[in-house]
Every structure is written in C-alpha cells, then in structure tokens.
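One structure is given here, and the rest of the page talks about it.
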Amino acid sequence: MKQLLEDCPFCASQQLQIVQGLLSQRVVCTICSAQGSRQRDALQAVNAWNRISHELQLTRRIETRKMVRELGGLRN
C-alpha cells in the first residue's frame, strides 16, 4: 500500500521527497525547503509529515474562524 504525502503545509507544493540520512529519513519540500521530523523509516516520516500538515491546517481554520467572528462583531 502506497502512503500518500499531504501537500506542503507552508507553500502548498506537491514537490516533496523523502530524504534518507545516516540513521533516519524525513520528508522535504523541494520548493520552500520545509522539513519534516527525522524518523526511523519512510512510513514514519510520511506519517509525521501528514500529521503536522493536518495540525497546521486545523490551526489555520480555527484562526480564520476567530478572525471572521471578530470582524463580524465590529460591524454590529
């Protein structure tokens, strides 16, 4: 089963690669150079990358909703 990488949470690029180090692997965006955490294997690196991508997307949605509420409150 092929594990799919989420887009880069910083630049939305799909230009991602798994870089292998001496004892670890991580996902790197070739556009903005964002890097995932170092993990023991590729599957763990992909899972860590996808987790942070989802967390950042959720955080942005929450912040956007707060801003919309605040701006809506200014109109009243």
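Some values worked out for this structure:
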| quantity | calculated |
| --- | --- |
| First in region 46-64 and within 10 Å of Cys8 (Cα to Cα), second anywhere and at pLDDT below 90 and open to solvent by 70 Å² or more (accessible area, probe 1.4 Å), Cβ under 7 Å, 6 or more apart | none |
| All positions within region 1-49 that are hydrophobic (A, V, I, L, M, F, W, C), closer than 23 Å to Arg60 by Cβ and open to solvent by 30 Å² or more (accessible area, probe 1.4 Å) | Leu4, Leu5, Phe10, Cys11, Ala12, Leu16, Ile31, Cys32 |
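The values are calculated or read from the model by the stated rules, or taken from the named source; none is laboratory data. All values reported here derive from a predicted model rather than from experimental measurement. With ideal geometry, Cβ positions are generated from the backbone for all residues, glycine too; neighbour counts draw on all protein chains shown. Ligands, DNA and RNA are stripped out before the accessible areas are found, and what is left, the full protein with its side chains, is counted by its heavy atoms. Shrake-Rupley method; radii C 1.70, N 1.55, O 1.52, S 1.80 Å.
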